[in-house]
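Trainee: Questions regarding the structure given below will be posed in turn.
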Amino acid sequence: MHRVNEKYVALAIPFFFLAIAIELVLTHRTRKTSDPRYRFADSITNLSCGTGQQVIAPFLKTLTLAGYLYLYEHARVLSISSTSIVGWVVLLFGVDLGYYFFHRASHRVNVIWAGHVVHHQSEEYNLSVALRQSWFVKLAEWIFYLPLAIAGFPIEMFVAMTTFNTLYQFWIHTRGIGKLGPIEWIMNTPSHHRVHHGIDPKYIDKNYAGVFIIWDRMFGTFREEDTEPVYGIVKPLASWNPLWANVEYFVEMWRLARRCASWTDRVKVIFAPPDWRPKSLGGTVTIPEASRATQKKYDAHGPRGLVAYVAVNFAMVGAATTMMLAMQATAPLVDLAVATAAVLATLIAWGWLFEGKRWALAFEIARLVAATAAIAWLTRDSAHATQIAIVAAGAAVVLGVWVAQYRQHFGGARETVAA
């Protein structure tokens, strides 16, 4: 059923990383030192958000697809065959239209924006940003596709097409491709999507397209790219921590609700647009002008050896995550939960390591111990379980000694800005 999603995403991951590597090499040759298109900590945070989204997804899939399946089985008006070419074409446009309305709502309804904002937090724009995904936004997205269930599209067709819609959007997250001529009248392209990621007032809430830009042209949300946007969000996240990236706006909503004078306004916080404020707090927020020349990007520098440490750990976690995606259909739920917890702890640790948090070293040592125990648990039925546990323990000791060399770095947040 929905396993096709994980299968194709798992198969696509190596190609995603290959494309990112190619873009990185090409941009490194031509970039301006004052305008780097890739920064290590930023890219790792992007990929950490995406990795977290993938390992959490199996626990949300049943919930998010249950409504679709129920309506298909009990309220559909047609029974569309998966062998129908016309059916697939109609579904292609139907899924993309559903995505357009979901995407538009995710920018204009606070509680949905609280999830989607993760995708916009990076102050760079490159292929790694395509993989920066929210851990929770899927809880809202499925609602916008329910008309397709009522229409009679089987869930297998639906999941396959939403997977295609997602994979298509990877390549449009690049500054390296300019305008593409007549194709831009119909298809979503890098130029169109750069506009969508801009925080310039003229670009805010434009170009919600997934595959086809025709919806923006039809519904009045289209904007042509005439100058390169300033990327990010109006109020910068200023953190490399993927957990904070996913919960920060929920915390912001809570703080705003507490400041509201009435319960009516507190409820509005949930469903109002992100720029809404009650009159008692000044009214609608004015989006400030933005300039690439004056933008100050968040940064936090660490020793090169620590950067290498994170890179090595990322390679291991990336390989483990790919294996998890490929084995989700057969792995016991408990094992998936253990592996997911280990991966999430690793992702969270990286952000604190980059930022030099006081507790980062202690957390990382504890994580290495826990990861060793998790590996031993997950390989308990292997014929080589003892040898694997010994290797894992040895690797944890080596990594612990490595990261401990930089204990002087962990004296508190070392936040700077990069012009």
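The values are calculated or read from the model by the stated rules, or taken from the named source; none is laboratory data. Note that this is a predicted model, so its numbers are computed, not measured. Every residue, glycine among them, receives a Cβ derived from its backbone with ideal geometry; neighbour counts consider all protein chains shown. These area figures cover heavy atoms from the full protein model, side chains too; ligands, DNA and RNA do not enter into them. Shrake-Rupley method; radii C 1.70, N 1.55, O 1.52, S 1.80 Å.
Trainee: From the list T340, T264, T286, exactly one residue is on the phi < 0 side of the Ramachandran plot and part of a loop (DSSP other than H, G, I, E, B). Which is it?
Mentor: Values: T340 fails: part of a loop (DSSP other than H, G, I, E, B); T264 fails: part of a loop (DSSP other than H, G, I, E, B).
Step by step, each of T340, T264, T286 is checked, and only T286 is on the phi < 0 side of the Ramachandran plot and part of a loop (DSSP other than H, G, I, E, B).
Trainee: Is it true that I348 is touching a helix residue (DSSP H, G or I) at 6+ places or on another chain (Cβ under 6 Å) and open to solvent by 40 Å² or more (accessible area, probe 1.4 Å)? Working first, answer last.
Mentor: Values: touching a helix residue (DSSP H, G or I) at 6+ places or on another chain (Cβ under 6 Å): yes; open to solvent by 40 Å² or more (accessible area, probe 1.4 Å): no.
So I348 fails the test.
Trainee: Looking at this structure, is A114 open to solvent by 10 Å² or more (accessible area, probe 1.4 Å) and modelled with pLDDT of 95 or more? Spell out the reasoning first.
Mentor: Working: open to solvent by 10 Å² or more (accessible area, probe 1.4 Å): no; modelled with pLDDT of 95 or more: yes.
No.
Trainee: Yes or no: R414 modelled with pLDDT under 95, more than 24 Å from the chain's Cα centre (by Cα) and over 29 Å from A21 (Cβ atoms)?
Mentor: Details: modelled with pLDDT under 95: yes; more than 24 Å from the chain's Cα centre (by Cα): yes; over 29 Å from A21 (Cβ atoms): no.
The answer is no for R414.
Trainee: A362: of a type outside the set (S, T, N, Q) and either modelled with pLDDT under 90 or surrounded by fewer than 16 Cβ atoms within 10 Å (Cβ to Cβ) (or both), yes or no? Show your work before the answer.
Mentor: Numbers: of a type outside the set (S, T, N, Q): yes; either modelled with pLDDT under 90 or surrounded by fewer than 16 Cβ atoms within 10 Å (Cβ to Cβ) (or both): yes.
So A362 passes the test.
Trainee: Any idea which of (1) modelled with pLDDT of 80 or more; (2) of a type in the set (V, I, T); (3) out of contact with any helix residue (DSSP H, G or I) (no Cβ under 7 Å at 6 or more places or on another chain) is the one T33 doesn't satisfy?
Mentor: Checking T33 against (1) modelled with pLDDT of 80 or more; (2) of a type in the set (V, I, T); (3) out of contact with any helix residue (DSSP H, G or I) (no Cβ under 7 Å at 6 or more places or on another chain), the one that fails is (1).
Trainee: Right, something else. If you go through the range 61-110 one residue at a time, how many are assigned to a helix (DSSP H, G or I), β-branched (V, I, T) and under 19 Å from the mean Cα position of the chain (by Cα)? It would help to see each step written out before you state the result.
Mentor: First pass over the range 61-110, keeping only residues assigned to a helix (DSSP H, G or I): 61-75, 85-108, 110.
Okay, now just the ones that are also β-branched (V, I, T), so 62, 64, 85-86, 89-90, 95.
Now narrow it down to the ones that are under 19 Å from the mean Cα position of the chain (by Cα): 64.
The number of residues fulfilling the criteria is 1.
Trainee: Another question about this same structure. Among (1) of a type in the set (A, V, I, L, M, F, W, C); (2) part of a helix (DSSP H, G or I); (3) open to solvent by 20 Å² or more (accessible area, probe 1.4 Å), where does M157 come up short?
Mentor: It fails just one condition, (3).
Trainee: Quick one: F170 ticks every box in (1) within 18 Å of V230 (Cα to Cα); (2) at pLDDT 95 or above; (3) assigned to a loop (DSSP other than H, G, I, E, B) bar one, so which box is it?
Mentor: Of (1) within 18 Å of V230 (Cα to Cα); (2) at pLDDT 95 or above; (3) assigned to a loop (DSSP other than H, G, I, E, B), only one is false for F170: (1).
Trainee: Now a separate question. List the pairs whose first member sits in the range 106-119 and is free of Cβ contacts under 8 Å to residues at least 40 places away in the same chain, whose second member is among the aromatic types (F, W, Y) and in a helix (DSSP H, G or I), and whose Cβ atoms are under 7 Å apart, counting only residues at least 6 apart or on separate chains?
Mentor: Matching pairs, first to second residue: S106/W113.
Trainee: Here is a follow-up. Report, by residue number, each residue of the range 47-87 that is surrounded by 16 or more Cβ atoms within 10 Å (Cβ to Cβ) and among the aromatic types (F, W, Y).
Mentor: Of everything in the range 47-87, those that are surrounded by 16 or more Cβ atoms within 10 Å (Cβ to Cβ) and among the aromatic types (F, W, Y) turn out to be Y68, Y72.
Trainee: Look at R132 and say whether it is in contact (Cβ under 8 Å) with a residue 40 or more places away in the chain, crowded, with 23+ Cβ neighbours inside 10 Å and among the basic types (K, R).
Mentor: yes
Trainee: Quick one: would you say D335 is among the acidic types (D, E) and open to solvent by 30 Å² or more (accessible area, probe 1.4 Å)?
Mentor: Numbers: among the acidic types (D, E): yes; open to solvent by 30 Å² or more (accessible area, probe 1.4 Å): no.
Taking the combined requirement at face value, the residue does not satisfy it.
Trainee: Condition check: in a helix (DSSP H, G or I) and surrounded by 13 or more Cβ atoms within 10 Å (Cβ to Cβ). Does E248 satisfy that? Full working, then the answer.
Mentor: Values: in a helix (DSSP H, G or I): yes; surrounded by 13 or more Cβ atoms within 10 Å (Cβ to Cβ): yes.
So E248 passes the test.
Trainee: When residues of the range 214-245 are filtered for being of a type in the set (F, W, Y) and in a loop (DSSP other than H, G, I, E, B), how many remain? Before the answer, list the steps.
Mentor: First, pick out the residues of the range 214-245 that are of a type in the set (F, W, Y): 215, 219, 222, 231, 240, 244.
Restricting the remaining residues to those that are in a loop (DSSP other than H, G, I, E, B) gives 222, 240.
So the answer is 2.
Trainee: Another question about this same structure. Can you pull out the residues in the range 177-220 that are β-branched (V, I, T) and either open to solvent by 10 Å² or more (accessible area, probe 1.4 Å) or in contact with a Gly (Cβ under 7 Å, 6 or more places away or on another chain) (or both)?
Mentor: Of all residues in the range 177-220, those β-branched (V, I, T) come to 177, 183, 186, 189, 195, 199, 204, 211, 213-214.
Scanning the range 177-220 gives I177, I183, I186, I199, I204, I214.
Trainee: Consider K138 against the criteria (1) buried (at least 23 other Cβ atoms within 10 Å of the Cβ); (2) at pLDDT below 95; (3) of a type in the set (K, R): it satisfies all of them except one. Which criterion is unmet?
Mentor: (1)
Trainee: Which members of the range 71-86 meet the condition of being in contact (Cβ under 8 Å) with a residue 12 or more places away in the chain and either in contact with a Gly (Cβ under 9 Å, 6 or more places away or on another chain) or not small (G, A, S) (or both)? Write out each step before concluding.
Mentor: Taking the range 71-86 as the starting set, the residues that turn out to be in contact (Cβ under 8 Å) with a residue 12 or more places away in the chain are 71-72, 75-80, 82.
Answer for the range 71-86, where residues must be in contact (Cβ under 8 Å) with a residue 12 or more places away in the chain and either in contact with a Gly (Cβ under 9 Å, 6 or more places away or on another chain) or not small (G, A, S) (or both): L71, Y72, R76, V77, L78, S79, I80.
Trainee: Another one. Condition first: open to solvent by 20 Å² or more (accessible area, probe 1.4 Å) and touching an Asp or Glu at 6+ places or on another chain (Cβ under 8 Å). Can you find one or more residues in the range 389-405 that meet it?
Mentor: no
Trainee: Could you run through the range 271-290 and say how many residues are under 25 Å from the mean Cα position of the chain (by Cα) and at pLDDT below 95?
Mentor: Step one: of the range 271-290, the residues under 25 Å from the mean Cα position of the chain (by Cα) are 271-276, 287, 290.
Adding the requirement that they be at pLDDT below 95 leaves 287, 290.
The total comes to 2.
Trainee: Name the residues in the range 205-221 that are in contact with a His (Cβ under 9 Å, 6 or more places away or on another chain) and of a type in the set (F, W, Y), would you? I'd like the intermediate steps shown before the answer.
Mentor: Going residue by residue through the range 205-221, those that are in contact with a His (Cβ under 9 Å, 6 or more places away or on another chain) are 205-210, 213, 216.
The answer is Y208, and nothing else.
Trainee: Please go through the range 251-276 and pick out each residue that is among the hydrophobic types (A, V, I, L, M, F, W, C), farther than 30 Å from A349 by Cβ and surrounded by fewer than 19 Cβ atoms within 10 Å (Cβ to Cβ).
Mentor: Matches in the range 251-276: A257, C260, A261, W263, V267, I270, F271, W276.
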